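The values are calculated or read from the model by the stated rules, or taken from the named source; none is laboratory data. This is a predicted model, so every value here is computed, not measured. Glycine gets a Cβ as well: all are built from the backbone with ideal geometry, and neighbour counts include every protein chain shown. Accessible surface areas use protein heavy atoms only, side chains included; no ligands, DNA or RNA. Shrake-Rupley method; radii C 1.70, N 1.55, O 1.52, S 1.80 Å.
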Amino acid sequence: MAGEIRVVPFRPLDLRGVARRMRRADRDEVWKASGMTPVEALSYSLRKSSAAWTVSIDGRAEAIFGVGAISILAGVGAPWLLGTDTIERHAAGFLRGSVEWRDQLLRHYPILRNLVDVDNRVSLRWLRWLGFSIFDPISLRGHEFRPFELRSSDV
């Protein structure tokens with residue numbers, strides 16, 4: 001099923017819609033990592049981000065993603081993406097576009113690093129597909145997360 005996928009600078013009006021329809025794996029991940037609701041997690045991530053975008057499919061916001069500084073001096077950023085189930089239904093187009101988005105994030109920060117819930121299988125598969133290295137699990141707030149990293153020199 002093909003849909004028109006567009007990426008635009010983040011629009012505040014998209015936050016509540018994506019939060020309300022956020023896919024279960026993303027809701028679970030933000031709860032495990034922070035104890036936040038989808039609205040709180042998106043709001044927090046956006047406040048901490050140096051850049052953020054909205055992914056729309058057929059004119060409807062279906063994901064929000066961005067990157068925030070871990071270390072400006074070392075050029076390390078924390079990428080994140082929270083989305084709805086519609087992303088999975090449009091996987092082929094989303095995957096094609098995500099390579100360009102990955103490269104755009106690497107222009108902001110030559111090293112990208114964050115954590116992903118060990119149970120978030122779709123996200124783990126996507127990160128591997130994008131070329132991220134996935135590391136052994138660590139514990140955070142009593143839950144297991146896998147650190148992931150990508151360097152601009154790796155792509």
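Just a few scattered comments:
- Of the helices (runs of 4 or more DSSP H) entirely within region 6-92, those holding at least 3 residues that are open to solvent by 20 Å² or more (accessible area, probe 1.4 Å) and not charged (D, E, K, R) occupy 24-34, 38-47.
- Looking across region 89-124, the residues that are out of contact with any Gly (no Cβ under 6 Å at 6 or more places or on another chain) and under 24 Å from R141 (Cβ atoms) come down to R113, N114, L115, V116, D117, V118, D119, N120, R121, V122, S123, L124.
- Here R60 does not fit the description of being free of Cβ contacts under 8 Å to residues at least 12 places away in the same chain, in contact with a helix residue (DSSP H, G or I) (Cβ under 8 Å, 6 or more places away or on another chain) and more than 30 Å from G75 (Cβ to Cβ).
- Among the conditions (1) among the acidic types (D, E); (2) touching a Ser or Thr at 6+ places or on another chain (Cβ under 7 Å); (3) free of Cβ contacts under 8 Å to residues at least 24 places away in the same chain, the only one that D136 does not satisfy is (2).
- Given (1) under 18 Å from F145 (Cβ atoms); (2) out of contact with any helix residue (DSSP H, G or I) (no Cβ under 8 Å at 6 or more places or on another chain), index of the condition G75 fails: (1)
- Tally of residues being exposed (fewer than 13 other Cβ atoms within 10 Å of the Cβ) and basic (K, R) across region 93-109: 2
- The set of residues from region 113-133 being in contact with a helix residue (DSSP H, G or I) (Cβ under 6 Å, 6 or more places away or on another chain), assigned to a strand (DSSP E or B) and either closer than 20 Å to V76 by Cα or among the small types (G, A, S) (or both) comprises just one member, V116.
- Among (1) modelled with pLDDT of 95 or more; (2) within 15 Å of the chain's Cα centre (by Cα) - the single one L105 does not satisfy: (1)
- Candidates in region 139-155 are the residues that are aliphatic (A, V, I, L, M) and open to solvent by less than 70 Å² (accessible area, probe 1.4 Å); of these, the one that is nearest to the chain's Cα centre (by Cα) is L150.
- For L95, the conditions (1) touching a Lys or Arg at 6+ places or on another chain (Cβ under 9 Å); (2) in a helix (DSSP H, G or I); (3) more than 22 Å from A19 (Cβ to Cβ); (4) among the hydrophobic types (A, V, I, L, M, F, W, C) all hold with the exception of (1).
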